[in-house]
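Participant: Before I ask anything, let me first share the structure, which is written out below as structure tokens.
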Amino acid sequence: MGKQWDKIFKYEGKIFNKVQENIPEIVKLFKKEGVKKVLDLGSGSGRHVIYLAKKGFEVYGFDNSPAGIKITKDWLKKENLRANLKISSIYEKLPYRDNLFDALISTQALHHNRINSIRKLIKEIERVLKPKGLIFITVSRKGSNKSIPKEKIWKIKFIAPRTFIPLDHSEKGLIHYWFNEKLLRAEFKNFKIHRIGVESNKKHYYLLGELKNNLKQI
């Protein structure tokens, strides 16, 4: 999938400049809770790495696209900011020690695989977070096509239950998994869920949670 995202980033550059709509509120919560180290999992071209670094966090960015990481590095340099960046698939063992992060964010990234791989990733998220570590994630959801212009509606092919690949548009060939609220609660059962909602564009769910304290021994 890294090569596919490379094509997207090389063609479109910073495909996201604005932060996800809930992030300013989430950052206020992180500050209130004393969060220091934050991992941006699937950091893309760096919009949240930059935002978090500007807010004074020790930021780690992780993505499988060399092009996305290069854009992030150049952006950091331009802004005179620092962050720890790594390139690899988020669906492999994360290259961080246990209990390292106070918080983790992942926007529009975690749903790009089959459910078994997503479950392994969630276990890795649990491993690298501290007990009571906070997560904020957004994932794909099935929405209505009624308000979408016909030329922007993807043609898709299902490859497993709730799992499909687009046959056209910029994310052609990239696996997507559709969540719903019930599935989010089930897959993140080891987290105390503070909130689940839907973004204003209706395309993604967001989840704010806290890793249950009794899962880890410090």
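The values are calculated or read from the model by the stated rules, or taken from the named source; none is laboratory data. Note that the coordinates shown come from a computational prediction; the quantities given were computed from them, not determined experimentally. Glycine also receives a Cβ, built like all others from the backbone with ideal geometry; neighbour counts cover every protein chain displayed.
Participant: Looking only at residues in the range 173-196 that are over 20 Å from LEU211 (Cβ atoms) and free of Cβ contacts under 8 Å to residues at least 40 places away in the same chain, which one is surrounded by the most Cβ atoms within 10 Å (Cβ to Cβ)?
Facilitator: Among those that are over 20 Å from LEU211 (Cβ atoms) and free of Cβ contacts under 8 Å to residues at least 40 places away in the same chain, it is ASN180.
Participant: Determine if the range 139-155 includes at least one residue that is at pLDDT 95 or above and under 22 Å from ASP63 (Cα atoms).
Facilitator: Yes; the residues of the range 139-155 include at least one that is at pLDDT 95 or above and under 22 Å from ASP63 (Cα atoms).
Participant: Is the range 109-129 home to any residue that is farther than 26 Å from VAL198 by Cα, in a helix (DSSP H, G or I) and at pLDDT 95 or above?
Facilitator: Within the range 109-129 (the criterion being farther than 26 Å from VAL198 by Cα, in a helix (DSSP H, G or I) and at pLDDT 95 or above), the answer is yes, since at least one residue qualifies.
Participant: It is to be established whether one or more residues within the range 173-185 are modelled with pLDDT under 90 and of a type in the set (D, E, K, R).
Facilitator: No; the residues of the range 173-185 include none that is modelled with pLDDT under 90 and of a type in the set (D, E, K, R).
Participant: Still on this structure, I have one more. Report yes if VAL35 is modelled with pLDDT under 95, surrounded by 14 or more Cβ atoms within 10 Å (Cβ to Cβ), in a loop (DSSP other than H, G, I, E, B) and not aromatic (Phe, Trp, Tyr), otherwise no.
Facilitator: When the stated conditions are applied, VAL35 does not pass them.
Participant: Identify all residues within the range 85-102 that are more than 13 Å from HIS48 (Cα to Cα), in contact with an Asp or Glu (Cβ under 9 Å, 6 or more places away or on another chain) and either aliphatic (A, V, I, L, M) or not in a loop (DSSP other than H, G, I, E, B) (or both); write none if there are none.
Facilitator: Within the range 85-102, LYS86, ILE87, ILE90, LEU94, ASP102 qualify.
Participant: Let me ask something else. Please state which of the following conditions GLU58 fails to meet, knowing it meets all the rest: (1) more than 16 Å from VAL35 (Cα to Cα); (2) surrounded by fewer than 18 Cβ atoms within 10 Å (Cβ to Cβ); (3) of a type in the set (D, E, K, R); (4) touching a strand residue (DSSP E or B) at 6+ places or on another chain (Cβ under 7 Å).
Facilitator: (1)
Participant: While we're here: Looking at the structure I just gave you, is LEU81 modelled with pLDDT of 95 or more and touching a helix residue (DSSP H, G or I) at 6+ places or on another chain (Cβ under 7 Å)?
Facilitator: Yes: the conditions hold for LEU81.
Participant: Then there's this: Taking ASP98, is it charged (D, E, K, R), crowded, with 17+ Cβ neighbours inside 10 Å and at pLDDT 95 or above?
Facilitator: The answer is no for ASP98.
Participant: Of all residues in the range 201-214, how many are within 22 Å of TYR177 (Cβ to Cβ) and not in a strand (DSSP E or B)?
Facilitator: So the answer is 3.
Participant: Okay, next question. Among residues belonging to the range 48-78 that are modelled with pLDDT of 95 or more and part of a loop (DSSP other than H, G, I, E, B), point out the one that is nearest to GLU124 (Cα to Cα).
Facilitator: Once the filter is applied, the top-ranked residue is PHE57.
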